[in-house]
Amino acid sequence: MPTVATAAHRARPGARLFATPAARRAPRSAARPAARPRARTSLLRVAATLGSVASLALAACAGPPDAASLPDVTSPAVVTADKQPAPTPVVPARWPLTGVASDAVVERPALAVKIENPREVRPQTGIDQADMVWEQVVEGGVTRFVAVFQSQVPKEVGPIRSVRPMDPAITAPLHGLVAFSGGQAGFVKALSTAGLQLLSNDAGNDGFYRKSGGKPAPHNVFGTPETFWAQADADHSASPQAQFTIARRAEQSTVVQTGTPATTIDTVLSGYAHPSWTWDAASSTWLRTEGTTPATAASGARLAAANVVALKVQLVDSGTVDPAGSPVPETKLVGSGEGVVAVGGRSLAITWSKASTDALLVLTGPDGQPVSLAPGATWIELVPTSSGSITVS
């Protein structure tokens with residue numbers, strides 16, 4: 001076998017391994033015997049052929065190759081400059097309604113609570129821990145909140161009041177729980193039809209109670225969020241989807257990137273309600289003021305937001321009246337309109353749109369692209385086009 005292998009090697013085209021040193025130095029025109037090279041070439045061809053046949057025979061007898069002997073064709077791992085495998089990027093979990101990263105994110109449905117806002121009930125309890133707060137005009141120009149909780153669990157919330165006709169459009173995209181005390185039958189039915197689980201003080205659901213020694217009825221109904229969440233059924237136990245586009249960091253927000261500097265967002269919702277927001281660089285939040293009074297929660301915490309979304313909306317007569325005979329207004333959220341978004345000490349004029357009751361509210365910038373907010377709490381001011389205004393300074 002070695003002889004055959006050597007012959008095969010020597011038979012490669014152009015090989016001159018048999019030539020003596022003198023022959024290698026001889027010019028090409030030097031005379032050489034003709035017969036010997038031909039004979040030697042023929043022998044080498046035979047040897048090469050026999051070698052190939054022998055190799056094939058040996059391979060056939062040996063069977064398939066062992067997988068361990070095959071070359072590794074797996075894609076190479078990404079390595080760093082010091083030849084160490086690059087670490088897998090760690091993407092932190094984020095709370096869906098605030099976009100805030102946390103190691104403690106849990107599966108929990110959104111809990112929307114109706115909280116009243118006349119002067120005599122301030123400061124309210126637990127509202128400083130809400131992920132989102134919607135402010136709407138009700139009878140007499142007084143405003144009421146839809147405070148949405150998910151990332152934080154207040155010990156207590158209130159005062160809790162009744163539902164209104166615009167509540168389904170606000171809460172339906174959350175597909176969670178709505179806690180309230182009272183409401184006209186048609187308004188309550190609309191909430192149920194919107195796919196929400198209702199927790200009602202009037203219906204006897206757990207978690208509601210009246211506080212004695214404080215405000216008189218009907219301003220004394222409070223609730224325990226943990227008890228509300230404990231009643232979530234199988235269809236309303238999942239965490240909500242994000243309600244707005246939220247950047248990973250405040251400086252990446254559309255408003256911070258493309259907006260203009262702003263220090264104050266003044267809104268007039270009615271002759272009664274004049275909430276405003278002032279940018280506080282120290283806390284990187286917008287601080288709320290009710291008229292000329294700094295707004296606080298019962299805990300003493302200043303009411304603040306990372307994002308203020310002020311929307312110009314149509315306010316219409318719902319065709320119903322409250323127990324005192326006052327017309328009940330309805331904010332129209334299905335449709336579109338103009339507005340202002342304030343983030344990080346800057347503001348941006350936007351267009352809002354909502355295709356249906358259960359559709360998400362979409363915020364679009366002047367370039368027609370979705371507007372992203374900063375991580376943190378968001379307050380949405382529903383400013384009537386007929387009686388309200390939005391002023392940025």
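Among beta bridges identified by DSSP and lying wholly in the range 95-226, the antiparallel ones come to about 70 percent. The alpha carbon gyration tensor of the range 322-384 gives principal lengths a ≥ b ≥ c with a/c of 1.5 or higher and a/b greater than b/c, which makes the shape prolate. Charge tally around Pro109: other residues with Cβ under 14 Å, Lys/Arg +1 each, Asp/Glu -1 each, net -4. Of the solvent-accessible surface of the range 118-170, computed with a 1.4 Å probe and all protein chains present, 44% belongs to carbon and sulfur. Among the trypsin sites (Lys or Arg not before Pro) in the range 125-202, those located in a DSSP loop and surrounded by at most 13 other Cβ atoms within 10 Å of their own Cβ are Lys155.
Separation of the alpha carbons by more than 30 angstrom is noted, of Lys114/Lys332; Lys189/Lys211; Lys114/Lys354; Lys211/Lys354; Lys189/Lys312, for Lys211/Lys354. Put the Cα centre of the range 94-122 next to the Cα centre of the range 243-308 and the gap is 16 Å.
Scan the range 82-142 for trypsin sites (Lys or Arg not before Pro) in coil per DSSP, keeping those whose Cβ has at most 13 other Cβ atoms within 10 Å, and list them by number. Counting only loop positions with at most 13 other Cβ atoms within 10 Å, the trypsin sites (Lys or Arg not before Pro) in the range 82-142 are Lys83. Protection proxy ranking, highest mean first, for peptides 218-224, 291-297, 359-365, 313-319: 218-224, 359-365, 313-319, 291-297, where packing is the per-residue count of other beta-carbon atoms within 10 Å, averaged. Shown here: the range 282-348, whose C-alpha atoms stretch 46, 32, 18 Å along the first, second and third principal axes, sorted largest to smallest.
The values are calculated or read from the model by the stated rules, or taken from the named source; none is laboratory data. This is a predicted model, so every value here is computed, not measured. All Cβ positions, glycine included, derive from the backbone under ideal geometry; neighbour counts span all protein chains shown. Ligands, DNA and RNA are excluded from the accessible area calculation, which covers all protein heavy atoms including side chains. Shrake-Rupley method; radii C 1.70, N 1.55, O 1.52, S 1.80 Å.
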